[in-house]
Amino acid sequence: MALRNPVAEAALTPVRSESPRQRVLRQLLEALLFEGITPCCNTDFRSEGWQCLNFPVGTFQARCRGRVRGFSRVRLDIDTLSFYRNERPVTVDLPALIHELPGSRSQHQILLKELAATLANEEQLRNSHQTRSLHSRRSLHGEALDRAIHEGHPYHPCFKSRLGFGADDLMRYSPETSPGFRLYWVAVPRHYLDSQLPAPDLAFWQAELGEEPAFLLRAAFHRVGIDWQAYGAVPMHPWQWQHLSTGPLAEQLGDFDIRDLGPLGDRYQPSQSLRSLFNMNRPEKACLKLPLGIHNTSSRRHLEPHSVPSAPAISRWLEAIIESDPRLSRDYPLRLLPEYASLSFSAQPGTLPGQHPLEGELAAIWRTSLSSRLHEGEQAVPLNALFQWQPDGQPFIEPWVERYGFEPWLNATLSALILPVWHMLVAHGAGLEAHAQNSLLVMRDGWPNALLLRDFHDSVEYARNYLPSTTPEPDLGERQAGYDQAPDDLYYRMTGPEALRELAVDTLFIYNLSELALLLEDAYGFSETRFWACVRKLLDQYTQQHPDLQHRLAQLGWNQPRLKTESLLTQKLQPDPGNLSHWVPNPLAINPTGSSVPFTDHQQARLS
């Protein structure tokens with residue numbers, strides 16, 4: 001399948017060089033439509049092509065060229081957007097639009113603040129690296145490619161809000177522009193430190209930092225007059241230390257005798273997730289995940305207090321599952337970047353953290369480096385690189401599609417991305433949050449060989465009634481009693497398999513592969529109906545190959561006509577957001593005759 005001629009297709013595909021304001025507005029309206037906050041009217045829901053969409057936003061009536069896609073995802077051509085009131089054209093700005101939405105005035109103001117920050121940050125960052133060519137992204141992989149993916153979240157309208165960063169912070173700590181920085185260090189009294197290190201302190205720091213920095217760390221203890229035996233060292237993001245030490249929690253730092261040791265050691269650069277940091281000086285060393293008290297997209301970027309000391313145990317549990325099943329190396333190759341060490345402030349170490357405001361703000365998780373999981377000649381490509389366009393007007397994936405052929409490459413890619421996650425879920429009852437930042441394809445010359453996953457400490461789920469007898473529950477050590485006493489759906493343990501399916505389908509299909517489907521249709525004319533038919537065929541083949549798993553597959557209900565998915569924007573408009581969700585049509589469903597149901601058959605019920 002050949003790449004479409006960009007000139008000939010200009011009338012069919014929206015311009016990809018949107019202004020920041022156009023993109024913020026488009027993603028806002030697409031989210032409103034997808035989550036059913038505003039209904040879509042007078043629309044041919046059986047058409048997957050471009051059409052005129054009409055929808056109210058409060059007292060305004062909007063008209064825009066768009067299309068309704070798989071799982072009810074909506075795509076708008078923002079250049080064609082117009083607003084009307086009483087059938088007369090009007091100009092509408094973001095504040096006027098937001099004040100027409102459900103929710104309180106204070107919630108509107110918070111959302112407006114995040115949208116305005118996204119707009120300002122995107123403009124500042126675009127202007128700062130206009131001279132930086134992105135043509136070279138195809139020659140990158142691993143950490144370098146991760147940092148070069150500047151586009152941000154393709155669905156959430158607050159895709160680059162980064163609330164808390166000033167203009168200078170934005171330049172210093174964003175992956176688009178950061179020159180790198182050293183970590184800040186503090187000393188925490190050991191009776192307030194939950195330490196999950198694989199070796200004694202001194203040996204650990206010598207292995208992680210090197211002999212000289214480890215010596216300088218101990219010297220810093222002597223400089224501030226404290227005993228190495230009584231205190232433990234914790235690295236911090238420099239922005240986090242600055243704002244903790246000068247903000248409302250500064251007094252708490254003193255109350256718990258937390259000491260300032262200053263900057264030390266290697267320089268780090270931020271990943272696209274901002275709070276995961278890559279070692280610039282020694283790339284083979286760990287990626288460090290640190291709390292960062294800014295708001296970005298849908299949440300504040302601290303670390304969930306309970307998850308930090310549990311991170312190594314969760315990684316060991318997943319590694320044990322993979323080691324026990326040869327199919328995860330032979331048939332559905334899956335590799336992990338385990339989180340092997342952690343440190344965190346805890347008012348009561350050894351228990352599930354309570355509500356102390358410093359918990360989750362003073363913590364660190366060490367994750368195995370990418371290079372240690374790659375063989376010679378392999379490259380790691382973050383999944384969200386696959387659905388990006390290059391400045392030359394071609395997709396990032398075009399050289400691989402041209403080399404191997406469209407359908408062979410696509411089928412191999414879908415198999416590599418889906419089946420390891422699916423097998424972990426179906427065969428072992430482990431739900432993995434395989435979204436586009438957590439998932440990397442291991443490739444050799446552009447051909448996918450395996451899936452590489454990361455970031456497990458707060459993104460793994462299981463259900464007791466869905467764990468097979470061969471897969472034990474994770475052993476969470478001295479905190480196990482607290483987890484056992486907690487209700488389902490609060491931490492790692494879910495009520496049943498439906499929650500695991502929702503996690504997998506949301507992160508892998510609805511907010512992830514849906515973006516690849518969009519690119520393939522825009523770039524190659526490969527319709528979404530055909531794309532989801534390929535996914536469906538892959539899952540059907542898996543079912544046929546594993547007759548022993550039929551009952552477990554049926555429990556998941558993955559092929560029912562409608563599925564629940566998380567409502568990311570709605571949460572910002574609710575006084576008590578919780579985990580809100582809505583129903584969407586399922587393009588992977590089948591009808592009673594056993595044939596596939598086109599995803600458009602159910603969309604009128606969903607959006608009308």
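Using a cutoff of 8 angstrom between alpha carbon atoms and counting only pairs six or more residues apart, the relative contact order for the stretch 378-564 works out to 24 percent.
Can you tell me the relative contact order of the chain? Whole percent, Cα pairs under 8 Å, sequence separation 6 or more. Don't skip to the answer; put the middle values down first.
Working: 1077 pairs, mean separation 92.5, N = 608.
It comes to 15 percent, rounded to a whole number.
Remark: the stretch 147-162, residue by residue, has Karplus-estimated 3J(HN,Hα) of 6, 8, 8, 9, 5, x, 4, x, 10, 5, x, 9, 5, 8, 5, 6 Hz, where x stands for each Gly or Pro and the curve is 6.51 cos²θ - 1.76 cosθ + 1.60 at θ = phi - 60°. Each Lys and Arg Cβ is given +1 and each Asp and Glu Cβ -1; about its Cα centre, the stretch 378-564 then shows a dipole of about 460 debye. To the nearest ten degrees, helix 528-545 and the longest principal axis of the Cα atoms of the chain are 60 degrees apart. Note on the chain: helix-only mean residue ellipticity at 222 nm, from DSSP H runs of 4+ residues weighted -39500 (n - 2.57) and normalised by residue number, equals -10000 deg cm²/dmol. Checking [x] 25.1, 82; [y] 22.4, 65; [z] 24.4, 77 against Rg and Dmax of the Cα atoms in Å calculated from these atoms, the matching label is [z]. Report, in degrees rounded to the nearest 10, the 0 to 90 angle that the Cα long axis of helix 211-223 makes with the longest principal axis of the chain. Roughly 60 degrees, rounded to the nearest 10.
Kindly put ILE321, ILE590 in sequence by how many other C-beta atoms sit within 10 Å of each C-beta, fewest to most. List each step's numbers first, then the result.
Values: ILE321 21, ILE590 15.
The order, fewest Cβ neighbours first, is ILE590, ILE321.
Taking a Cβ cut-off of under 13 Å around GLU378, the surrounding Lys, Arg, Asp and Glu residues balance to a net charge of +1, with basic ones at +1 and acidic ones at -1.
Would you mind counting up the charge near PRO270? Only other residues with Cβ under 12 Å from its Cβ, with Lys and Arg at +1 and Asp and Glu at -1. Write out the running numbers ahead of the final one.
Numbers: positive: ARG147, ARG162, ARG172, ARG267, ARG275, LYS289, ARG301; negative: GLU143, ASP146, ASP169, GLU176.
Overall, the nearby charge balance is +3.
Axis of helix 20-34 versus longest Cα principal axis of the chain: the two differ by about 70°, to the nearest ten degrees.
Relative contact order (percent) for the stretch 237-310, with alpha-carbon contacts under 8 angstrom and 6 or more residues of separation? Provide the component values of the computation, followed by the final result.
Values: 67 pairs, mean separation 15.4, N = 74.
Relative contact order for the stretch 237-310 comes out at 21 percent.
Here, each number is a calculation from the coordinates, and none is a lab measurement. Predicted model only: the values in this text are computed from it and were never measured. Counting neighbours? That spans all protein chains shown, and the Cβs are built from the backbone with ideal geometry, glycine included.
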